[in-house]
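Just so you know, all these numbers are worked out from the coordinates, no wet-lab data involved. Because the structure is predicted, anything quoted here is derived from the model rather than measured. So basically every Cβ, Gly included, is an ideal-geometry build from the backbone, and we count neighbours across all protein chains shown.
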Amino acid sequence: MDDGGTPPWEAAAPLVRAARGGDALAMDDLLRAVTPYVTRLCAPIAPGDTADAVQESLLAVFRGLRGLRDPLAFYGWVRAVTVREAVRVARRGARETPAAPEEITRLAELKDLLAEAVGGELRADVRDLLARLPVDKRAVLVLRELEGLDERAVAELLDIPEGTVKSRLSRARSSFRKAWTR
């Protein structure tokens, strides 16, 4: 879908237009192209149910694509849909276990750890620790530290006040640091 020099949203725009017009092959190509991105977003938010979150997100993209007005906004729209679905699946899974500090015996800084990726995936120890955070804290932390969104953008994506984002982010960072340094 990308020739290497074209931004992904520009490369996706013709496929978005064709898929919105009913072209099944374009829809298939579009969903295949966006699946790695959706998976990367879902994995840290719904670690126990990543496959379900990815499936629900792709289904929501499939169902809602006709309502997307600007094809160049596709990736931003997919991010919003994916985060919403990943949070919903993670909550439904009811697998939120608070961090167990006695199980974690590693040292490092939060930002460096979250930014560090191996082949596009988080390190297993970071992924495990994120999985132990409650989904509300985990979603805010992932969007801020991994996706690089500011507090306002996170608030809009999660449909919560900016002050709530700031407090959840502060608590999430604190919980992550405490668990990591033990």
Exercise for review: For ALA124 and ARG66, calculate 0.36 nm times their separation in residues minus their Cα-Cα distance, and state this gained length in nm to one decimal.
Suggested key: 17.1 nm
Exercise for review: Using θ = phi - 60° and the Karplus relation 6.51 cos²θ - 1.76 cosθ + 1.60, list the HN-Hα couplings for the stretch 152-169 in order, rounded to whole Hz, with x at every Gly or Pro.
Suggested key: 4, 5, 4, 4, 5, 5, 8, 6, 9, x, 4, x, 5, 4, 4, 5, 5, 5
**Study point:** Sorted peptide list for 137-147, 67-77, criterion being average Cβ within 10 angstrom, highest first
**Key:** 137-147, 67-77
**Study point:** Extension reserve of the ILE160-ALA24 stretch, reckoned as 0.36 nm per residue once the Cα distance is removed
**Key:** 45.4 nm
**Study point:** Rounded to the nearest 20 debye, dipole of the stretch 1-93 from Cβ charges on Lys, Arg, Asp, Glu
**Key:** 440
